[in-house]
1. Output the relative contact order of segment 1-46, whole-number percent, from Cα pairs under 8 angstrom with separation of 6+ residues.
2. Based only on other Cβ atoms within 10 Å, what is the fewest-to-most ordering of R329, R118?
3. Can you work out the Karplus-derived ³J(HN,Hα) for every residue in segment 217-228? Use 6.51 cos²θ - 1.76 cosθ + 1.60 with θ = phi - 60°, whole Hz, and x for glycine or proline.
4. Inverting the mean 1/r over all pairs of different Cα atoms, compute the Kirkwood radius of segment 32-122 and quote it in Å.
5. If Rh is defined by the Kirkwood formula over all Cα pairs and Rg also comes from Cα, what ratio Rg/Rh do you get for segment 147-262?
6. Would you mind ranking Y82, Y261, Y19, Y132 by Cβ crowding within 10 Å, fewest neighbours first?
7. Taking the square root of 5 times each eigenvalue of the Cα gyration tensor, what semi-axes in Å does the equivalent ellipsoid of the chain have, largest first?
8. Using Stokes-Einstein with the Kirkwood hydrodynamic radius over Cα pairs, what translational diffusion coefficient do you get for segment 1-46 at 25 °C and a viscosity of 0.890 mPa s, in µm²/s rounded to a whole number?
Amino acid sequence: MASWGEPSFRASQLLRWVYGSEAASFDEMTDLPEALRGKLSAALHFESLAPVTRVTSADGKTTRTLFRLGDGKAIEAVLMEYDPLGLGRERRTVCVSTQAGCAFGCAFCATGQQGFERSLTPGEITDQVLHYARVAMKEAARHTSEGEGAWKRPPITNVVFMGMGEPLANYTATLQAIENLNGGFGLGARHMTVSTVGLVPQIKRLAREGLQVGLAISLHAPNDDLRQRLVPAAKKYPLDALLEACRDYIARTGRRVTFEYVMLAGVNDSRREAAELARLLRGLPPGAGHVNLIPANAVPKGLFQPSSKESIKAFQDELIRRHIPNTLRVERGALIDAGCGQLRGGGRGTGVGGRAPSPDP
Ligand code: SAH
Ligand code: SF4
């Protein structure tokens, strides 16, 4: 605004529209002069993403949107709505992509099997959240007599960086997106979680940013041998170094770390592996390591099968017996063929209960 000779309050007005309103174009920013709106439309794209298709689960609680980027590449983001305590305090979590494709090639991951295209810009990451925020605000306006601007609660309560790509391999843009969502959109850093395949130097760097973001580590195996087969990045960063980086993160941020563990039948889901996992995590401060068991979604090329309900239960029992805090992720993504990391048509075969893609409004 300054470079265009506009007063500085115009910038504040603009930011309010972008981060806090249902407006989806510069034309809708009614308190900006018409000439300025025209100038903005001519000079800038309002959104860096164009929604192409949208799939909603049968219960209406999970929505996956495919977006086209400016250069034609495709990414997806998922909105999950749930009320964890059943107290009417619904969480609205957006799972965002940080890259188109992924270079890390984990054996069970559809995105990893598709290869790497490019990293997303901070705007492309932020816009995934703003897209869903606008949809929520529009829907709220439709259901109240007050109309537009009626939305009081934050339209999005949590953001997880668990979509396509490796956030810590796109470090600067991910951090800028966190800052946008924090400062501009007003979402507390404690309500954001970055999921990583385990890039040790970047975990250490993140621990020193003075942020309160949650950290999730894609562990998937309790020993180096197995982990290296599932997660090729583990060859560079063995478990010793990874756990040491986690202890550093916990000490510096005071946040606990979540360990994601995709349950693959006959590969990593026996009681023996549960016991080994418990031993591994015993090196963390009490209560600071939490295991999130993830029922595997349709896995690429049929190399892996999801674990049975019984083996998941037995695995979980073993963790409980050994006092390792854990949760079992609800299979919401799988219902619409859209587990995070399973995006963009890569995930196949579990599209139970989804509706056919419809054009996004
Ligand atoms: N690259 C980051 C974030 C994106 S992947 C990471 O690896 O953490 C997000 C999560 O989806 C990871 O925990 C990943 O292991 C998981 N995921 C990948 N493929 C999956 C599958 N077939 N079924 C269930 N979860 C999967
Ligand atoms: Fe990349 Fe994460 Fe998939 Fe591994 S699990 S290939 S790091 S997106």
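Read-outs: derived from the displayed coordinates by stated rules, not from any lab. If you're wondering where the values come from, they're calculated on a predicted model, not measured in any experiment. When we count neighbours, we look across all protein chains shown, and the Cβ atoms used for this are built from the backbone with ideal geometry, even at glycine.
1. 28 percent
2. Values: R329 17, R118 13.
Least crowded to most crowded, the residues run R118, R329.
3. 10, 7, 8, 6, 7, x, 9, 5, 4, 5, 4, 5
4. Values: mean 1/r = 0.0626 Å⁻¹.
After inverting the mean inverse Cα-Cα distance, the result is 16.0 Å.
5. Working: Rg = 15.7 Å, Rh = 15.1 Å.
Value, to two decimals: 1.04.
6. If I rank by nearby Cβ atoms, fewest first, I get Y82, Y19, Y132, Y261.
7. Working: eigenvalues 271, 99, 75 Å².
Semi-axes from the Cα gyration tensor: 37, 22, 19 Å.
8. Values: Rh = 10.7 Å.
In µm²/s, the coefficient is 229.
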